[in-house]
Amino acid sequence: MKAKLRLIIDKSVIESAKSYAKDQGKSLSQVIENYLKSLTDESQPKEISANVKKLIGSIKLPEDFDYKKELEEARAQKYERF
């Protein structure tokens with residue numbers, strides 16, 4: 001059974017997400033539904049891959065490095081290109 005869900009999201013994010021969905025040949029609703037399923041799917045392992053494990057410790061970052069802030073800024077720059 002399908003139900004409607006109202007979300008309040010930044011307009012630029014919506015436009016970028018619509019573009020992404022179109023490029024994937026899907027609706028924005030399908031993309032969001034698939035993403036939410038992946039977040040809540042208990043059958044999918046949440047482990048770090050072997051390739052990523054090899055990288056752990058290979059980069060030394062400053063103590064005050066805020067990866068969430070850096071990730072947000074990188075994503076914002078990506079969306080600015082659209």
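Placing dummy labels 7 Å off each Cα toward the beta-carbon, the span from Lys37 to Lys4 is 2.3 nm. Full extension of the chain between Ala50 and Arg75 yields a length gain of 6.5 nm, computed as 0.36 nm times the residue separation minus the alpha carbon distance. Placing dummy labels 7 Å off each Cα toward the beta-carbon, the span from Lys11 to Phe65 is 3.7 nm.
Assuming charge only on the beta carbon of Lys and Arg (+1) and of Asp and Glu (-1), the dipole of the chain about its Cα centre is about 420 debye to the nearest 20.
For region 30-59, GluC sites (Glu not before Pro) meeting the loop criterion (DSSP other than H, G, I, E, B) and having at most 16 other Cβ atoms within 10 Å: Glu42, Glu47. Of the trypsin sites (Lys or Arg not before Pro) found in region 12-82, those in coil by DSSP whose Cβ has at most 15 other Cβ atoms within 10 Å are Lys26, Lys46, Lys60, Arg81.
Given N residues in the chain, what is its alpha carbon radius of gyration divided by 2.2 N^0.38 Å?
That ratio works out to 1.43.
Helix-only estimate, please: 222 nm mean residue ellipticity of the chain, summing -39500 (n - 2.57) across DSSP H runs of length 4 or more and dividing by its residues, to the nearest 500. Using -39500 (n - 2.57) per qualifying helix, the result is -17500 deg cm²/dmol.
No value in this document is a laboratory result; all are computed from the given coordinates. Not measured: the values here are computed from a predicted model. All Cβ positions, even for glycine, are placed from backbone atoms using ideal geometry, and neighbour counts span all protein chains on display.
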